[in-house]
Amino acid sequence: MNLLKTFYVYFVLIFTCFFLLGCNTLEATGTDQGNKEGHSYHGETISFIVPFQAGGGTDVFARFMTPYFSKHIEGEPRVQVENIPGGASITGTNEYANSRPSNGLNILTSSASSHVPFMLEQSSVDYNLDNFTPLIGVPSGGVVYTKAELAAEGMENFLSLENELFYAGISPTGLDLVTLLSFEVLEMDVKAVLGYEGRGPSRVAFEQGESNIDFQTTSAYKSSVEDLVEEGRAVPLYSLGQIDENGDLIRDPQFPDLPTIEEIYMDIYGEEPSGAAWDAYKQTVAASYTLNKVIWVHDDAPENSKELLRNGMEKLIKDSNFSADSEEILEGYDTYIGDELNKYIEQSFSISPETKKWIIDYLQHHFDIDIKKL
Amino acid sequence: MIESAVEALFIVLDPSRLIYMFLGICIGVVVGLLPGLSGTVGMSLMLPFVFGLEPYVGMALLIGMIAVIHTGDTFPSILLGIPGTSGSQATIMDGFPLSKKGEASRAMGAAFFCSMVGGVIGGIALYLTIPFARPLITSFSSPELFMLTMLGLSMAGLLAGKSPLKGIISGILGLLIGAVGSAPAVPEYRYTFDTLYLTQGVSLPVVAMAIFAFPIIITMLTDKGSVSSHAKLQSGILKGVMDALRNKFLVFRSAVIGVLIGFIPGLGGSVVDWIAYGAGQKTVKDNYFGKGDIRGVIAPESANNAKEGGSLVPTLLFGIPGSGTTAILLGGLTLMGLEAGPKMLSADLSVTLSIVWTLVFANVFGALLCMILVRPISKISLVPGEKIVPFLLILLVVGAYQSTMSWGDLIVFVIIGLLGYVMTILDWPRPPLLIGFVLALPAERYYWISIERYGWEWITNPIVIVLACVIIVLLTGGTIMKRFSKDYENTGGV
Amino acid sequence: MNKDYLNLIFSGFLFILFTLAWIEALTFSKLGQFFPLYISIAGSILTFIYLLNQLLIIYKQKKREGNEIKIPLWQPLKYIGWILGYLLLIYIGGLMAATAIFLILFLIFESKMKFVSAGISVICVLIAVSLLSSALDIYWPTNLLGL
């Protein structure tokens, strides 16, 4: 009898534990329950999907943004970063598009590596950026530089160098694409060696002479290349530039002294650049740099959640702490929200069929890449 | 430089920062101790908290953790034959047999002492190389890096055991598994069977755990009985420390190997324990490595902590992470308002020096903490297999799932685990498979870049030729030694 | 099962694996092809040599008879079954439920523990796992029931 009693006690204990733990998990994933028709995010948790491994540039950006999101979205929700790495950001973005409930409690950050495959319609892309509502967009920039001795004879001479320029890159479908297209526009003869592990290794390759023309994004350029320039070992050639509201290429606001490739082209060839390569260049600058990172929410999320999120963004960019802190992480660029952002998105991702075909053919021809297989 | 070093010492010893360092040490030991959880998990755990922290405080936390992971991960390697993280696989080779003999405490005493010495040497190396780091790192071109990966691969031959052919096939199998995923030269996915999971390749922690932990789990169940065949555990921490002191040159040599390999960007420090183990096997006289030789524990343990000091050089100065852990460290730096690059040696020199001190202190304290834990934790080796395995299995499953948070991790875990089990019962050596797996991507990358950039000219590079000679000596030396030992076995057997 | 035969089967399996990898590698584009092609060719040739060698050894041994090592198969398979079963349970019912069911069954049937102590262990583990996951920010496998 006594034995039976102990058994009974244990049964009850086990099941209570089960129950409690079950509740616990439910609570943790309770975000599925959806946003009740409230007027704020009070007591809610927003999952912030980052389609990269923790610690990368986009992840750092997302983690930098989370406290400001919590602060400015009405109701001060908890914002939790969730990393879904894999497939160069495509795995996570696909998951967000297809498996996350569109209840306004799931947001996503995308980056250039999700924008370009979407634009080119890679077969692994299972998301449609048109089905998301953008909340905030952040630009980035890049500078192309070379060895001082090569640039000593002037730009015209430099552009006509043959079989002498080596470029160390990672992959022709990533950020390198923009730089490679800039060589194409300027009709330079550059041998691109792709396959390096990252921008850091490619910079080391430049320093030790394995390559002699290279590009770095704004923050890396400022922290690592400007010293080389001061020592006289490197010379900046041009910034990759930004696309303005009219779709024109303008100087990078972070490097107002550096020309764009348009200016260089006009200097050397005496006419404005044109043709498919030029269109492709502008298109990729817009999708990779002018909108380097965008934070989105599902388009079919409840209207009032979207409203709350958008209002939050407006308050966020007025926060003086935010603009002071963002100097480091957002590289000092202005962020885009609201109608301005919508306009940029419209402009950046609507690629003409001819340009798309040209880029795909370019990748196929120069780098033996079949976009359909990716 | 010395002045600023002293200044940094006081910064580090500030009580408010010391607390963070101890917090980092505790997390590091726990994360190292639990199989499956590696530095990447620990780092991503702390990343949300470092945002906005003062750099010295944040660094005390992060570096405190990184420094001791390879101290804590020794426990499961020696006690259970399961690698605590992928950095302590080689410790299993002799640590686990020692544990079976009931000498776990001795092995751990030696291991922790070596970890401490190795880690301190790593910290000193970081300090000493600061002035020369730039010219040193930029002296490696792709052809040389390719030859270094080949050197690492030839270590697989040394670890092949009795049958060289089996060892080579095992290494090639590792290379093939490493080839899964995106190719370096072209964004094309290979052997992915149209799954998105495999596009980024199979992850190292999963493979390392599967290949070692899965077989051990099954064997513990089928063999019944506890790990230690002796009913009583001998206390032997001091004995282990004495062992390490007696082999001080081995400790030093292995630590230097660790620093050098950590230092070379792009090689991936994950094989450093194997390389130190192989080198130890090669250079220690009258050894019986693989059968419970304490020196087989000393070599890899000295190296894996020393590696961290070395690998911080390319991480901090060039923004080139040598491992998943340092990749996240870079993110942490940015969140604290720092940027990896030459400024770490000028404007932010004091931060860099505080990292050196933290590395040294954390290694000492971490090792002491682990030595205190030896007595309670080593009782595990007395628990019968069938009572401990289910708990281990749960830990492994949860751990394996952490590498990419996908079911693919668990499926790969089982498949590679089964492969590992079959290899175990049929006496196929597993270390070559792991080395091949880790070095597959760098080997392909640097081979491709060398050819693409230099044509076939790179073969005439003097350093390449020297490295090729070293490899040939290593390989032929290995076979000659093996033949010798075979002769010895044959004649000795009669 | 005879160890030599099992070894033969395993080498045969490796040979087939390498050969399939070789065939698959032929479909890759030129730049992605060379590395897997080299290693799969090397792999299949070496395993083939090894296979022949093993056959020869077994053939010689046949003449002499005896000294074959038996490897028990049933037991390992049973335990592998346990592991697969556990994963299946996780897939169906989530980590917590699966862990509880697996642990209690395993501890009672395999470890021959008493029900009471098994129960205590299960509770401890469940508490430890949930503590660990909240303290270390650990993710759990997803499952069909969405628990």
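The values are calculated or read from the model by the stated rules, or taken from the named source; none is laboratory data. Note that the structure is predicted; figures quoted are calculated from it, not measured. No Cβ is skipped: glycine too gets one built from the backbone with ideal geometry, and neighbour counts run over all protein chains shown.
Computed quantities for the displayed model
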| read-out | value |
| --- | --- |
| Residue within region A:192-203 that is under 29 Å from B:Gly319 (Cβ atoms), away from chain B (no Cβ under 13 Å) and β-branched (Val, Ile, Thr) present | no |
| Lone qualifier among C:Ile58, C:Ile90 - being surrounded by 15 or more Cβ atoms within 10 Å (Cβ to Cβ), in contact (Cβ under 8 Å) with a residue 24 or more places away in the chain, facing chain B (nearest Cβ under 10 Å) and part of a helix (DSSP H, G or I) | C:Ile90 |
| Those residues of region B:403-422 which are under 23 Å from the mean Cα position of the chain (by Cα), more than 8 Å from chain C (Cβ to nearest Cβ) and at pLDDT below 90, in sequence order | B:Ser403, B:Thr404, B:Asp409 |
| Residue tally, condition more than 13 Å from A:Arg63 (Cβ to Cβ), within 13 Å of chain A (Cβ to nearest Cβ) and either over 22 Å from the mean Cα position of the chain (by Cα) or aromatic (Phe, Trp, Tyr) (or both), over region B:30-57 | 1 |
| A:Val297 vs. criteria surrounded by 14 or more Cβ atoms within 10 Å (Cβ to Cβ), farther than 17 Å from A:Leu120 by Cβ and touching a strand residue (DSSP E or B) at 6+ places or on another chain (Cβ under 6 Å) | yes |
| Cβ pairs under 9 Å, 6+ apart, first in region A:187-207 and touching a residue at least 24 places away in the same chain (Cβ under 8 Å), second of a type in the set (Val, Ile, Thr) and part of a strand (DSSP E or B) | A:Met188/A:Ile213; A:Val190/A:Ile213; A:Arg199/A:Thr217; A:Ala205/A:Val193; A:Phe206/A:Thr146; A:Phe206/A:Ile213 |
| Complete set of residues in region B:121-166 that are among the basic types (Lys, Arg) and crowded, with 20+ Cβ neighbours inside 10 Å | B:Lys166 |
| Complete set of residues in region A:56-102 that are closer than 20 Å to B:Gly181 by Cα and charged (D, E, K, R) | A:Glu95 |
| Hits in region A:324-345 (condition: part of a helix (DSSP H, G or I), at pLDDT 80 or above and among the acidic types (Asp, Glu)) | A:Asp339, A:Glu340 |
| Helices (runs of 4 or more DSSP H) lying entirely in region A:115-185 (those with 1 or more residues that are closer than 30 Å to B:Thr195 by Cβ and touching a Gly at 6+ places or on another chain (Cβ under 9 Å)) | A:176-185 |
| Segments classed as helices (runs of 4 or more DSSP H), wholly inside region B:108-187, with at least 1 members that are away from chain C (no Cβ under 14 Å) and in contact (Cβ under 8 Å) with a residue 12 or more places away in the chain | B:133-137, B:142-158 |
| Single residue of C:Ile71, C:Ile49, C:Ile58 found to be touching a strand residue (DSSP E or B) at 6+ places or on another chain (Cβ under 8 Å) and closer than 23 Å to C:Leu14 by Cβ | C:Ile71 |
| Within region A:207-228, tally of residues that are over 18 Å from B:Pro135 (Cβ atoms), among the acidic types (Asp, Glu) and surrounded by 20 or more Cβ atoms within 10 Å (Cβ to Cβ) | 1 |
| Every residue from region C:25-37 that is surrounded by fewer than 16 Cβ atoms within 10 Å (Cβ to Cβ) and either part of a helix (DSSP H, G or I) or touching a residue at least 24 places away in the same chain (Cβ under 8 Å) (or both) | C:Lys30 |
| Residue match in region A:343-354 (condition: touching a residue at least 60 places away in the same chain (Cβ under 8 Å) and more than 23 Å from the chain's Cα centre (by Cα)) | yes |
